[in-house]
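Structure first, then comments.
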Amino acid sequence: MALHVPKAPGFAQMLKEGAKHYSGLEEAVYRNIQACKELAQTTRTAYGPNGMNKMVINHLEKLFLFVTNDAATILRELEVQHPAAKMLVMASHMQEQEVGDGTNFVLVFAGVLLELAEDLLRMGLSVSEASYILISVIEGYEKACKKALEILPDLVCCSAKNLRDVEEVASLLYTSVMSKQYGNERFLAKLIAQACVSILPDSGHFNVDNIRVCKIVGAGISASSVLHGMVFKKETEGDVTSVKDAKIAVYSCPFDGMITETKGTVLIKNAEELMNFSKGEENLMDLQVKAIADSGANVVVTGGKVADMALHYANKYNLMLVRLNSKWDLRRLCKTVGATALPRLTPPTLEEMGHCHSVYLSEVGDTQVVVFKHEKEDGAISTILIRGSTDNLMDDIERAVDDGVNTFKVLTRDKRLVPGGGATEIELAKQITSYGETCPGLDQYAIKKFAEAFEAIPRALAENSGVKANEVISKLYAMHQEGKKNVGFDIEAEAAAVKDMLEAGVLDTYLGKFWGIKLATNAAVTVLRVDQIIMAKPAGGPKPPSGKKDWDEDQND
């Protein structure tokens with residue numbers, strides 16, 4: 001038995017050997033705030049249209065290199081390990097799921113809230129008063145958040161009138177696309193609007209999965225287009241490369257003869273029997289393919305391999321043959337053309353067959369693509385065909401498209417819009433500061449700091465544009481004091497300038513701002529509520545030797 005050394009009395013004696021315990025302001029609260037500030041500062045420089053890109057190389061090194069200013073992608077690839085910083089990452093992911101845009105807003109705002117909370121805690125208070133001041137900060141933030149969400153509906157400047165008008169929808173998507181693809185926002189916003197409007201059902205329940213993206217290297221962004229239907233980077237298997245008024249049979253199994261589940265042995269005694277055996281297999285395949293052709297189908301899509309003999313008979317009966325390896329693509333195609341995927345090579349009924357205007361093989365750049373095209377604009381799925389000089393550029397355009405599509409989905413839920421460019425934030429800061437002055441007690445300091453945190457958004461936009469932030473903030477406050485609620489930072493001006501965001505068409509969704517403020521505040525308050533960090537397991541330790549079963553017993557002795 002190993003000699004046990006008694007541990008010092010206190011909390012540590014209840015934990016395993018090597019466990020760590022931090023408590024109090026210095027050890028727990030300030031450490032957590034510091035980690036969150038570092039994370040927020042990382043993505044803050046990527047905020048807005050003039051934000052800088054981040055280069056993230058993941059653990060696969062050369063295979064996946066990301067150059068982007070999209071906060072959601074950066075956070076996903078960073079794999080943040082610090083528990084407090086993870087809370088901010090989770091809030092950002094919630095924003096991504098709820099709204100699909102505004103992830104960087106959550107990070108920047110939550111980071112500034114924690115930074116200002118630290119300033120309040122460091123104002124020379126004694127240790128005994130620190131916990132009381134911490135509770136006051138938390139309560140003040142929660143009051144201010146509630147007040148901000150009450151004020152927000154009054155800041156709505158306009159609403160979407162007709163979501164089936166491509167021009168109007170394009171003008172509303174312009175802002176969300178602008179932050180990812182500054183300079184190409186008008187072209188891309190129109191493409192996204194065309195795709196979204198074409199598949200918007202009468203019920204109004206829009207599904208973002210119905211907008212598909214196909215990326216093909218070559219040409220430029222201006223060569224991108226929208227197709228009503230689906231595009232696959234595949235070649236056809238047989239000789240037939242184009243079919244009009246297509247009747248489509250979809251199979252999830254290989255396009256081949258049936259194979260028995262159990263093994264069997266065939267005893268062949270002479271050449272005649274061998275010929276008959278081969279001929280029987282050929283006749284069976286011939287009958288199967290002929291039955292499919294006789295059912296009226298002229299396009300066959302299969303999810304497995306295509307046998308040479310089956311391909312021969314498909315060419316004989318003029319069937320166009322397309323092979324899709326992805327089950328996800330197969331399901332999407334079934335939804336697009338209204339087909340049912342069959343598990344065996346049986347002739348499809350009229351209900352099981354899919355229909356579309358044309359299926360044809362085309363060449364985009366030097367890439368062969370198969371297009372399933374709907375002539376009408378009310379199909380189930382639309383595809384945005386993205387062209388670009390490099391894969392990284394097309395990935396970034398895809399992220400901009402994703403943000404635009406999610407913004408459209410938000411507008412189908414709530415058509416209200418608030419001014420962008422920091423106008424909403426400055427108005428909230430002005431009104432919450434006034435509210436803070438009416439509140440008694442220590443809460444008022446936290447409420448005023450909450451209002452000050454809103455200044456971080458126009459400040460980040462100005463700093464990333466290379467303009468003096470203090471000058472922009474003072475001009476914005478001056479305009480808002482005159483009652484001009486829609487005035488925000490003019491990002492296109494060379495100097496510190498402001499303009500009316502409603503006239504400029506720079507608008508944010510009401511729901512995006514609502515959830516952004518709520519989630520950022522919740523994350524900041526959760527971090528501030530932590531006063532102890534207990535690491536129950538040792539951070540490192542000896543690894544068990546291979547093949548040794550009684551490792552645990554040895555460790556316990």
Legend entry - Subset of 147/415; 247/279; 430/518 violating a 27 Å alpha-carbon distance limit: 247/279
Legend entry - 15 Å Cα-Cα reach of residue 316 towards aspartates and glutamates, excluding residues that sit fewer than 8 places from it in its own chain: 237, 239, 282, 286, 294, 308
Inset, instruction - Could you work out how far the C-alpha centroid of region 274-310 sits from that of region 201-257, in angstrom? - result: 25 Å
Inset, instruction - Highest first, please rank the peptides 201-211, 66-76 by the mean number of other Cβ atoms sitting within 10 Å of their residues. - result: 66-76, 201-211
Legend entry - Alpha carbon centroid spacing (whole Å) that separates region 484-535 from region 63-106: 16 Å
Legend entry - Nearby aspartates and glutamates by direct alpha-carbon distance to residue 475 (threshold 17 angstrom, same-chain neighbours under 8 apart not counted): 425, 427, 452, 455, 463, 490, 492, 494, 500
Inset, instruction - Counting only heavy atoms of the protein chains, get the accessible area per residue of region 225-388 (1.4 Å probe) and round it to a whole Å² value. - result: 55 Å²
Inset, instruction - Provide the percentage of antiparallel DSSP beta bridges, counting only those with both residues in region 200-354; round to the nearest 5. - result: 10 percent
Inset, instruction - First select every other residue whose beta carbon is under 15 angstrom from the beta carbon of residue 142; then total the charges, Lys and Arg +1, Asp and Glu -1. - result: +4
Inset, instruction - For the chain, return all DSSP H helices satisfying: extent of Cα atoms along own axis at least 24 Å; mean Kyte-Doolittle hydropathy at least 0.0. - result: 103-121, 127-151, 510-528
Legend entry - Apportionment of accessible area to carbon and sulfur, the chain, percent (1.4 Å): 52 percent
Inset, instruction - Take each of the peptides 51-58, 486-493, average the number of other beta-carbon atoms within 10 Å over its residues, and list them starting from the highest. - result: 486-493, 51-58
Legend entry - Structure-derived Cα extents along the principal axes in Å - corresponding label in [x] 72, 60, 52; [y] 98, 62, 47; [z] 103, 81, 39: [z]
Legend entry - Cα centroid separation, region 439-466 to region 135-187 (Å): 18 Å
Inset, instruction - Just subtract the alpha-carbon distance of residue 31 and residue 56 from 0.36 nm times their residue separation and send over the number in nm, one decimal. - result: 6.5 nm
Legend entry - Nearest-0.05 FRET efficiency for residue 291 and residue 159, computed from C-beta distance (R0 51 Å): 0.35
Legend entry - Cα-centred dipole magnitude for the chain, charges only on beta-carbon of K, R (+1) and D, E (-1), debye, nearest 20: 300 debye
Legend entry - the chain - mean residue ellipticity at 222 nm from DSSP helices (-39,500 (n - 2.57) per run, n ≥ 4, rounded to 500): -15000 deg cm²/dmol
Legend entry - Subset of 146/448; 244/290; 54/146 violating a 25 Å alpha-carbon distance limit: 54/146
Inset, instruction - Could you give me the percent of Cα pairs per 10 Å distance bin for region 162-275, shortest bin first, beginning at zero and ending with the bin that holds the maximum distance? - result: 9, 26, 23, 16, 10, 7, 6, 2
Inset, instruction - Among 176, 211, 132, pick out the residue whose Cα is farthest towards the positive end of the charge dipole of region 109-217, where Lys and Arg carry +1 and Asp and Glu carry -1 on C-beta, about the Cα centre. - result: 211
Legend entry - the chain: relative contact order in percent, alpha carbon pairs under 8 Å with at least 6 residues between: 25 percent
Inset, instruction - Please compute the Cα-Cα pair-distance distribution of region 225-388 with 5 Å bins starting at 0, giving whole percents from short to long. - result: 2, 9, 17, 21, 18, 12, 8, 6, 4, 3, 1, 1, 0
Legend entry - Counting DSSP beta bridges with both ends in the chain, the antiparallel % (nearest 5): 70 percent
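The values are calculated or read from the model by the stated rules, or taken from the named source; none is laboratory data. Everything quoted here is computed from the prediction, not taken from an experiment. Neighbour counts are summed over all protein chains in view; Cβ atoms, including those assigned to glycine, are modelled from backbone coordinates with ideal geometry. SASA here: full protein model, heavy atoms, side chains in, ligands and nucleic acids out. Shrake-Rupley method; radii C 1.70, N 1.55, O 1.52, S 1.80 Å.
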